[in-house]
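Engineer: Okay, handing you the structure first.
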Amino acid sequence: MQSLADRVAIVTGAASGIGLGIATVLRAEGADVVLADANGPAADTVARQLDASGEHAVGIRVDVTESDDMARMSIRPQRATAAAAILAMSSLS
């Protein structure tokens, strides 16, 4: 796989299951990851597990059925300089 350094990925449903797996692989390959999940505290926990510095991963509470929540997904990890290049929708709603 090509390095994903300097890429930003948004993953919904990222606090568990398939979304967690996707986020983990993307981060391991160098992507900065926005972990979006209806369970905000769980998304934060996973983000800290993937990147303790908070510079390359951020967790946010997002309900994919709410347009205002979807707009919040444009948040970026602190180090990220680019807009999202990867979107993985893994949530059930």
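Engineer: Just for strands (runs of 3 or more DSSP E) wholly inside the range 1-63: which have at least 1 residues that are polar (S, T, N, Q), in contact (Cβ under 8 Å) with a residue 24 or more places away in the chain and in contact with a Gly (Cβ under 8 Å, 6 or more places away or on another chain)?
Structural biologist: It comes to 8-12.
Engineer: Looking only at residues in the range 41-75 that are within 13 Å of the chain's Cα centre (by Cα), modelled with pLDDT under 85 and more than 14 Å from S91 (Cα to Cα), which one is most open to solvent (accessible area, probe 1.4 Å)?
Structural biologist: Only one residue tops the list, namely R72.
Engineer: What residue, among those in the range 1-11 that are out of contact with any Asp or Glu (no Cβ under 7 Å at 6 or more places or on another chain) and of a type in the set (V, I, T), is least open to solvent (accessible area, probe 1.4 Å)?
Structural biologist: V11
Engineer: Moving on to the next point. Restricted to the range 24-40, and to residues that are of a type in the set (G, A, S) and under 14 Å from L4 (Cβ atoms), which residue is most open to solvent (accessible area, probe 1.4 Å)?
Structural biologist: Checked the range 24-40; the qualifying residue most open to solvent (accessible area, probe 1.4 Å) is A28.
Engineer: Residues of the range 5-40 being at pLDDT 90 or above, more than 12 Å from the chain's Cα centre (by Cα) and either more than 12 Å from S91 (Cα to Cα) or charged (D, E, K, R) (or both), which ones?
Structural biologist: A28, E29, G30
The values are calculated or read from the model by the stated rules, or taken from the named source; none is laboratory data. The shown structure was predicted, so the numbers you read here are calculated from the model rather than taken from an experiment. FYI the Cβ positions are ideal-geometry reconstructions off the backbone, even for glycines, and counts take in every protein chain you see. To get the accessible areas, we keep the full protein, side chains included, count just its heavy atoms, and leave off ligands, DNA and RNA. Shrake-Rupley method; radii C 1.70, N 1.55, O 1.52, S 1.80 Å.
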